[in-house]
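Below is one structure, written out as structure tokens; the observations come after it.
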Amino acid sequence: MSEDTITIGWRAPSNIALIKYWGKRENQLPENGSLSITLDKSATQTYLSYHKKRSGEQSISLRYFFHGVRQPQFEKKTGELLNSLLSEMPFLKDYELVFNSENNFPHSTGIASSASSMSALALCLVSMEENVTQHRFNQADFYQRASKIARLGSGSASRSLYGGLVTWGSIASIAESSDEYATPFPLQTESRLNQVMDIILIVSSKEKNISSSKGHTLMNVHPYRDGRKKQANDNLFEITKAIRNNDYRSVASIAENEALSLHALLMTSGPQGLLLKPDTLYIIEEIKKFRDIFGLDLFYTIDAGPNVHLIYYEDQREQVLSFVQNTLSRYCEEGRWIDDKIGSGPTQITSESD
């Protein structure tokens, strides 16, 4: 890169949806509202380096490196996103752009790597916009703009711009909610959800055989499309009511219904939609048995992949860690699991502090 190169870095977390976004309209707009928990440790770190072009070339020029290896597939997707933004960010064509990105969790296995990567990328772009145009956004507008851009790359990425619980989609019961960007969902100070923990049980780190993007596309012709939209919106209304009433058993029941519904839709979309593994089902059965024996309000959820998120609360930690180590780890690939919790959202980083 040139001596006049500027580098911007952001660390953005993944998120796990309790109410799943599944099915989309044009321009990456959701068919239904969703609700997610922003994670703390599972994240993508992205640096954007840029300098003025020496030539008058009027097209997007970028390179994308993932864990130090150039990725043509990521370059193509990022290029499509940047081209779609030229009407509002025309300066992008005037610079040589280099993205360097890393995940600290498996990519394309159903742990929302596209959410963390696209939200980190969007934050870099809005920071670049501020630097190039010398226009400073206030904090609320900065993150809302980044949420809109992240959505264009990956719908669920819109939610990773905020910490805690986050909704996305126009929801009648949630003020200022929108299909265009995500909205933080405020929790009462005494809510146990402020102390949510998440153990991600890695059943398989192999890339899944159908992408989430393809799965969303299949919903366009799914015979249960309309029913799913109603189910999701009904579940969203019920879970937000349960959260406000501190009814954690209902939160658990609704979240598990959503996880199983997502995979039922995947399996009925086509033969490639079977993403669950035998060990996924063993883990689910063990969690249900453990919960019933000890009368706990923990629960599981699953994104579009085989790996299971065990959602529990901080005061259950000692008991749950013993359960994971002694029972659930035997169903994990090489005994691997990720210890995570509810997080506070993205952070800006520098090359010295990464």
Worksheet item: So how compact is the stretch 158-205: Cα radius of gyration and Dmax in angstrom?
Response: 13.7, 39
Worksheet, complete the sentence: Scoring the chain by relative contact order with C-alpha pairs under 8 Å, at least six apart, yields a percentage of 24 percent
Worksheet entry | Computed label-point distance, nm, for sites residue 234 and residue 206 using a 7 Å Cα→Cβ extension | 3.7 nm
Worksheet entry | Charge dipole (debye, nearest 20) of the stretch 1-143; +1 at Cβ of Lys and Arg, -1 at Cβ of Asp and Glu | 320 debye
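From the P(r) of the stretch 6-186, could you give the percentage of C-alpha pairs in the tail past 21 Å?
Above the 21 Å cut-off, the stretch 6-186 has 46 percent of its Cα pairs.
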Fill in: FRET efficiency estimate (nearest 0.05) - Cβ-Cβ, residue 65 to residue 140, R0 35 angstrom
0.65
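Take every DSSP beta bridge with both residues inside the chain and express the antiparallel ones as a percent of the total, to the nearest 5. Kindly include the intermediate steps, with their values, before the conclusion.
Values: 52 of 58 bridges.
Close to 90 percent.
Which of the helices in the chain, when you take each full DSSP H run, stretch at least 27 Å along the axis at their Cα atoms and have an average Kyte-Doolittle score of 0.0 or higher? Let's see the in-between values first.
Numbers: long enough: 113-133 (30 Å, 0.74); 225-244 (29 Å, -1.40); 248-267 (29 Å, 0.55).
TM-like helix candidates: 113-133, 248-267.
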Worksheet, complete the sentence: residue 5 and residue 29 label points (each 7 Å along its Cα→Cβ direction) are spaced in nm at 4.0 nm
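Decide, for the stretch 192-341, between rounded, prolate and oblate: order the square roots of the alpha carbon gyration tensor eigenvalues as a ≥ b ≥ c, take rounded if a/c falls under 1.5, and otherwise choose prolate if a/b is larger than b/c, else oblate. Could you put the intermediate results ahead of the total?
Values: a/c = 2.28, a/b = 1.22, b/c = 1.87.
Oblate, because a/c is 1.5 or more while a/b does not exceed b/c.
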Response to the item:
Rounded to 0.05, the calculated FRET efficiency for the beta carbons of residue 188 and residue 130 at R₀ = 45 Å is 0.85
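Order of 42-49, 243-250, 308-315 by packing, highest average Cβ count within 10 Å first? Mind showing how you got there, number by number?
On the way: 42-49: 23.8, 243-250: 15.1, 308-315: 21.0.
My ranking of the peptides, most packed first, is 42-49, 308-315, 243-250.
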Item to complete: Multiply the residue gap between residue 52 and residue 175 by 0.36 nm, knock off their C-alpha separation, and tell me the result in nm, one decimal place.
Response: 40.1 nm
Discussion item. Over the Cα atoms of the stretch 118-238, each weighted equally, I'd like the Debye log10 I(q)/I(0) at q = 0.09 Å⁻¹, rounded to two decimals.
Written reply: -0.35
Worksheet item: Any idea how far apart residue 349 and residue 264 come out in nm if each label point goes 7 Å out from Cα toward Cβ?
Response: 4.0 nm
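Would the stretch 30-105 count as rounded, prolate or oblate if I go by the C-alpha gyration tensor, calling it rounded below 1.5 in a/c and otherwise prolate when a/b exceeds b/c, oblate otherwise? Kindly include the intermediate steps, with their values, before the conclusion.
On the way: a/c = 2.48, a/b = 1.47, b/c = 1.69.
Since a/c reaches 1.5 but b/c is at least a/b, the shape of the stretch 30-105 is classed as oblate.
Read-outs throughout are calculated quantities, based only on the coordinates presented, and are distinct from any laboratory measurement. Model, not experiment: these values are computed from the prediction. Glycine also receives a Cβ, built like all others from the backbone with ideal geometry; neighbour counts cover every protein chain displayed.
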